[in-house]
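One structure is given here, and the rest of the page talks about it.
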Amino acid sequence: MSWRRIVIAAVVGTQFIMTGAIHAPAEGATVVWKPIPSVQPEIQYEMFPSDIPESGKVPAVIRLLSRIPFYDKYEDSGGTPQGYLAPQEVQVVKAGMPWSLEHTWWKVHTWLGDKWINVPSSALEVAPPTQVSLLDNTLMYASPNTNTPSTGTLAPQDVEVVAAMKHWFAMETYDGSTMTWLQVHTTWLGDQWIHISLNHIGKLRSIQPQKAYFMYDTSIPQGTGEITGEFISPFNSTTYRVETENGVRWANTRGAEIKVSNETINLDMRTTLFAQPHSNGEEVAILEPQSSEVFERIDNNPYGNTTKEPVWYHVHTSAGDGWVNKQFADPIDAKPTDVTIQLNSNAELMSYPTSGTWYKFAQASPQILHPIRYWDDELGNRWYQINSYVGLVWLKLNPYSDRIIGLGPDPAIEMSFYTLYYNSAKIDGNELKMLDRKVGYTQDNAWFVSVPFLSEGFRYAQSESNGWTTYQSKFSYGFRIQPGTQQALTLWEGKEVGQVSLTAAPQISSDGELYLKEADVRNLFGSLIAKVDNSLTFTLPAYNVTALTIPASVESERITLNVSFKDNIQQLPVNASPEERPRLTVEELGAPPTEAVHTYAKWIAPLQWDIAQFQYDAIKPLKVGPNQLRAKLEIGNRILWQQDFTVQRTK
């Protein structure tokens, strides 16, 4: 059935829509809507888009044509309904969007409170709007049939709707392009029919004029226009009428508001001047430091690249008018540098480190670079400025392949963080537990920890021989311990290479499980130990170590062994004690241990937010002639890498 003429109470000049309460009519009687105050809806979150009648996009009342089950929550629809609604009119609280699809969830008022129903569009009737705004010239017909001659054309205007075809609202596609028939009233021809797409059914409202920039709308010249109205449709997103130098255009967003301004901006660093307020726009010039007069500005520009510098300024400059943003400028706290970079992978060249803009899709191929400045961002990434084939640009290093050189002798050894092994146990009084398994206990205010528990997490293999228990890693290192013996043996490639005095002899439990004192766990495993909340955590960093070129002969009375080291700084921050990172030792074979040279990592520079470069310099005196030396990297007594070599001192 088609709906009869509807009388609606309207509030003129306001920026909100009044909802209405329907007094239950008799069949065929006129439906009268009475305005009631809009209320603030409760905040709820559905698994689908939804809207409320106050928005103007959802009908305040729907008529159910069949018996419909209702639920407390739409998620309960797979179970038994709370009850059923007989055919009737119900007041809408909210609806899934688009509400005119074949099946839609509705939240409606019932005598039991607000409930959810899912109604097929075929079991639903909805009154058409009382008025629609025609946006284009629209043909009229005496009957709802396009095969009949048109009776005339309606220019863009607001028209009164008096009737609609049954299920006029049924949407067949998500874009709202489904055509439907509405009957409208005219003063010269009486009631006529118009054929209109659902997404063109709505109300055009005038709004306070606002100048705005639209980046992605190519129909708006130079992306700039003045918004003068908004079109609200139940079947489409809100669109905006934009007055441009080429006439009226329609936009799907409000763009970025352009405000009049009268201020001066100090451009302290090299800054790009753009034709439009976006970095993808045409570059007018690269400005040298200067003060510029601002005549317009955009606050909180949605087309910017960062929330830290959201303001774009329309300025008069020495190179002409244009837009500037301080994120598209060299950082004011950048510092000069004289390091040399060995770039081993391609690097994207950025206009500025804060801009996020890949400059003209340019990149630097593997080469030796001599940057002129560096800058560390708030995340810990280090940026370098270079003079490239496309001008001054910025780049970040690949922490896994690139390296900084020119910091003393060429590195003889490279070491880099590989992975992290992890174990954790809950503190339960005087015991450590992993689930129901006891893996530690306290004695004399010190923790003793199960060695099998640690070796499982750290991927150590366990074996027994002659009363000794051997724990062997897959990285050539291992150790042997014996219950009651306060000396441990360290292994390298299966051979005994050293003895370690333990702080306490390993203890053995009643079930035959070995336990080590916490300090000895640190020394033998090289593990980091920390209390986190109510747990004791054990982390084991693993590293890749590569010997590059250790000189076979020198003319100097000493050799300097340089190690380039890239470490993860999330688990162990830069300011951690140097003793917690690997130690470099250079010793002469057969010489007293007191003559060995020990050195720790020195921080050089951040590479990215979680990786920094460190360096070792071990200086070992040499005697004239051959020197049998050993270099090794250790954490505690755990050997990460070891190599014997001979250096001939020639003078």
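The values are calculated or read from the model by the stated rules, or taken from the named source; none is laboratory data. All of these numbers come straight from a predicted model, not from anything done at the bench. Using ideal geometry, Cβ is built from the backbone for each residue, glycine included, and neighbour counts are taken over all protein chains shown.
Structure data summary
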item	result
Residue match in region 242-253 (condition: more than 30 Å from residue 129 (Cβ to Cβ), surrounded by fewer than 20 Cβ atoms within 10 Å (Cβ to Cβ) and modelled with pLDDT of 90 or more)	no
Candidates 291, 279, filtered to the one that is among the small types (Gly, Ala, Ser), buried (at least 19 other Cβ atoms within 10 Å of the Cβ) and under 14 Å from residue 324 (Cα atoms)	279
Residue match in region 339-351 (condition: without any contact (Cβ under 8 Å) to a residue 24 or more places away in the chain and closer than 24 Å to residue 283 by Cα)	no
So residue 573, is it within 23 Å of residue 600 (Cβ to Cβ) and either part of a strand (DSSP E or B) or assigned by TED's automatic domain parsing to the domain that holds residue 430 (or both)	no
Matching residues in region 233-255 - criterion: being among the aliphatic types (A, V, I, L, M) and either touching an Asp or Glu at 6+ places or on another chain (Cβ under 8 Å) or not assigned by TED's automatic domain parsing to the domain that holds residue 209 (or both)	242, 251
Single unsatisfied condition, residue 273 versus (1) under 25 Å from residue 396 (Cα atoms); (2) touching a strand residue (DSSP E or B) at 6+ places or on another chain (Cβ under 7 Å); (3) assigned to a loop (DSSP other than H, G, I, E, B)	(3)
Strands (runs of 3 or more DSSP E) (entirely within region 412-530) containing at least 1 residues that are charged (D, E, K, R) and under 27 Å from residue 641 (Cβ atoms)	413-428, 477-481, 495-501, 514-517
Residue satisfying condition, being among the aromatic types (Phe, Trp, Tyr), assigned to a loop (DSSP other than H, G, I, E, B) and not assigned by TED's automatic domain parsing to the domain that holds residue 525, within set 352, 384	352
Test: residue in region 602-613 that is among the acidic types (Asp, Glu) and more than 49 Å from the chain's Cα centre (by Cα)	no
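Results for (1) touching a Phe, Trp or Tyr at 6+ places or on another chain (Cβ under 7 Å); (2) crowded, with 21+ Cβ neighbours inside 10 Å; (3) closer than 19 Å to residue 415 by Cβ; (4) in contact (Cβ under 8 Å) with a residue 12 or more places away in the chain, shown as yes or no for each residue.
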site: 541; (1), (2), (3), (4): yes, yes, yes, yes
site: 548; (1), (2), (3), (4): no, no, yes, yes
site: 564; (1), (2), (3), (4): no, yes, yes, yes
site: 579; (1), (2), (3), (4): yes, no, yes, yes
site: 614; (1), (2), (3), (4): yes, yes, yes, yes
